[in-house]
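Below: the structure, in structure tokens.
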Amino acid sequence: MVKLANVFVCQSCGSVHGKWAGRCDACGGWNTLVEEVPELGPGQSKPSRKNRGRGIQFTGLQGDSAPLPRYQTGIAEFDRVCGGGIVPGSALLVGGDPGIGKSTLMLQAAAKLALTGKSVIYISGEESIDQVRSRAARLGLAEAPLQLAAETSLGPIIDALKSTRPDLVIMDSMQTLWTENLSAAPGTVAQVRACAQELTRFAKKYGTAVVLIGHVTKDGQIAGPRVVEHMVDAVLYFEGDRAHQFRILRGVKNRFGPTDEIGVFEMGERGLAEVPNPSSLFLDGCENGTIGSAVFAGMEGTRPVLTEIQALIAPSPLGTPRRAVVGWDGGRLAMVMAVLEARCGISFAGKDVYLNVAGGLKISEPAADLAVAAALISSAFDQPLPPKTVVFGEIALSGTIRQVSRTTARLKEAQKLGFNHAMIAAGENDHPAKSQVEYTIAKIGKLGDLVRRFEAPSPDA
Ligand code: TYD
Ligand code: MG
């Protein structure tokens, strides 16, 4: 067969060039040309005779489809984020910052799965066999019948996988892989994409589940996991603050299950331990009214999680006061502050505002608006919220508090952790029956109502 010369394709306009250039002639974009291997040989450019005239069968939505089989690792937090386990023949991407614990997590999951009798291969392109072995020994998993290899060249890997046909293969990491079809260096967009595509195709064809580990990179020449997100069936991100012990595994895409699920782990001496009740971890004894602190009952996927939101308002020595946010959206904080200024007359002029979500969790729900406002007002008035109070609700620009979904689940979780007072949007009637839940629920219609509770503490506070 004639070997085709590789081509360079502009990533923004799609034009094809014979050689690399810094600027695409067609669209003028800089640094957009990426080397690619042409897919079709010269004789294959036309549809093959065999396929011509072959009809396809259409079917209806109803039919007998067997439920998806799943490989369960026994690490419940991991299995749940995958949607109940890893689906055979699927491709999974596990991304995260370097050093966050991706290799540790996947080694634990792989070893646990191997112990259940599945054939599992762990290919490391970053560490030597000895390093992986000593880590497994530290994790207490040295006995697991896991097959190891240290290899980075895709050709031999695929050949070996084709002959062994394992149930699961872990590739740590995709940025170390390279295929000799491309002259680009390992870790470049072209190499990462070509290798991920090849492995995904292998997964579909042979029914082997493939896990690709990818480092998140801030910038530079190394391609991040984003470039392969669209190819794989599920994308999980492993996040956390290296200064904190716990880590969050977050599902951001899943073709076989729900997304937005989180799994919580704690990194310790012997690897990652599951945290089945994250609320107690994130709260850490802040139930009893501290100034500038509010407990938010949020939802992470299908799970309610309680977190503490802390605010501090301090006189600013700067001409432009500082607004610093950790764990929440800065734009949203500006909006809540603007509503407090415009509708409730609380001025932040000349004051620094700091907002922190305790424990390193990142919150993206608008339902946290009311809790943020409560923490800010508490700091502004130098008064704590009533003890054992949870807060949630979305704030509209008019200052009206809007209802949020899953009120019952949020309140139940709070009750389980000993909270007996809630501040929620007016009109919420979706809460557990009075008889079984000892709750006093303060219904807040407008943000001004919340402010007035601080000016004159309410009778039920
Ligand atoms: P690692 O899994 O190598 O991270 P990644 O693959 O995402 O780059 O984990 C690295 C960190 O985890 C390292 O700083 C040490 C820490 N660690 C522990 O604290 N306890 C353990 O048992 C293990 C195996 C690692
Ligand atoms: Mg690693």
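Results, tabulated for the structure shown:
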{"item": "Net charge of Cβ neighbours under 14 Å - reference Leu447; Lys, Arg +1; Asp, Glu -1", "result": "+1"}
{"item": "For the stretch 280-455, with +1 on Lys and Arg beta carbons and -1 on Asp and Glu, the positive-most of Phe348, Val305, Gly445 along the dipole", "result": "Gly445"}
{"item": "For the chain, convex hull of alpha carbons as volume per residue, Å³", "result": "219 Å³"}
{"item": "Only Lys, Arg (+1) and Asp, Glu (-1) charged, at Cβ; the chain dipole about Cα centre in debye", "result": "1340 debye"}
{"item": "Computed label-point distance, nm, for sites Lys443 and Trp30 using a 7 Å Cα→Cβ extension", "result": "5.9 nm"}
{"item": "Solvent-accessible surface ranking, highest first, for Tyr354, Tyr71 at 1.4 angstrom", "result": "Tyr354, Tyr71"}
{"item": "Proximal aspartates and glutamates to Lys162, defined as alpha-carbon separation beneath 15 angstrom and excluding residues fewer than eight positions away on the same chain", "result": "Glu198"}
{"item": "Relative contact order (%) - criterion: Cα under 8 Å, at least six apart; region: the chain", "result": "11 percent"}
{"item": "Heavy-atom accessible surface of the stretch 118-249: percent carbon and sulfur, 1.4 Å", "result": "48 percent"}
{"item": "Label-zone membership for the stretch 137-167, site Glu180, 7 angstrom Cα→C-beta point, backbone N under 15 Å", "result": "152-160"}
{"item": "Greater than 32 Å apart at Cα, pairs in Lys102/Lys388; Lys351/Lys412; Lys19/Lys218; Lys118/Lys362", "result": "Lys102/Lys388; Lys351/Lys412; Lys118/Lys362"}
{"item": "Positive-end residue of Leu236, Leu397, Gln191, charge dipole of the chain with Cβ unit charges", "result": "Gln191"}
{"item": "Computed E for Met231/Arg133 - FRET, C-beta separation, R0 25 angstrom, nearest 0.05", "result": "0.20"}
{"item": "Selection from Cys13, Val210, Val94, by position along the positive dipole direction of the chain (Cβ)", "result": "Cys13"}
{"item": "Peptide ranges 168-175, 62-69 listed from the most packed, as the mean C-beta count within 10 angstrom indicates", "result": "168-175, 62-69"}
{"item": "Where GluC sites (Glu not before Pro) in DSSP loops with at most 12 other Cβ within 10 Å are excluded, longest remaining stretch of the chain", "result": "270-437"}
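The values are calculated or read from the model by the stated rules, or taken from the named source; none is laboratory data. This structure is a prediction, so every number in the text was calculated from the model and none was measured. Here the Cβ is made from the backbone with ideal geometry for all residues, glycine too, and neighbour counts use every protein chain on show. Each accessible area value is taken on the protein alone, full model and side chains, heavy atoms only, with ligands, DNA and RNA left out. Shrake-Rupley method; radii C 1.70, N 1.55, O 1.52, S 1.80 Å.
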